[in-house]
Amino acid sequence: MSKEVTANQVITGLKNLFKEAISETLPGDEEVFFTQPEAAQFLKVSKPTLIKWKREGVIPFYQHGRKVLFRKSELLKALKVKTS
């Protein structure tokens, strides 16, 4: 009976983990990424200012080849730091 209880506990634990994982990735909760022009517009700054902040490390970015992307949540955090 010990093996049966242990198996049930494992199954219950896995079900809970799956529920948590699914709830963390619900539709509408996906991370939003911006291109450079979109990020500049979102932050209400010029593209040269955005590039300067990127170069100075004020805002984090992701680059794959020539494509540069900015995560919306990180832009908001950087903006709060920049304005405080």
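Filter the stretch 60-84 for residues that are surrounded by fewer than 11 Cβ atoms within 10 Å (Cβ to Cβ) and of a type in the set (Val, Ile, Thr) and give the result.
81, 83
Take the residues in the stretch 54-67 that are in a strand (DSSP E or B) and under 17 Å from the mean Cα position of the chain (by Cα); name whichever of them is nearest to residue 43 (Cα to Cα).
Ranking the candidates gives 62 first.
Here is a yes/no grid of residues against (1) in a helix (DSSP H, G or I); (2) at pLDDT 90 or above:
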position: 4; (1), (2): yes, no
position: 12; (1), (2): yes, no
position: 16; (1), (2): yes, no
position: 20; (1), (2): yes, no
position: 23; (1), (2): yes, no
position: 27; (1), (2): no, no
position: 45; (1), (2): no, yes
position: 49; (1), (2): yes, yes
position: 52; (1), (2): yes, yes
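Based on this model, can you work out whether residue 57 counts as closer than 16 Å to residue 77 by Cα, modelled with pLDDT under 95 and loosely packed, with under 12 Cβ neighbours inside 10 Å?
For residue 57, the condition - closer than 16 Å to residue 77 by Cα, modelled with pLDDT under 95 and loosely packed, with under 12 Cβ neighbours inside 10 Å - is met.
The values are calculated or read from the model by the stated rules, or taken from the named source; none is laboratory data. Please read these numbers as outputs of a predicted model, since none were measured by experiment. We place every Cβ from the backbone using ideal geometry, glycine too, and count neighbours over all the protein chains shown.
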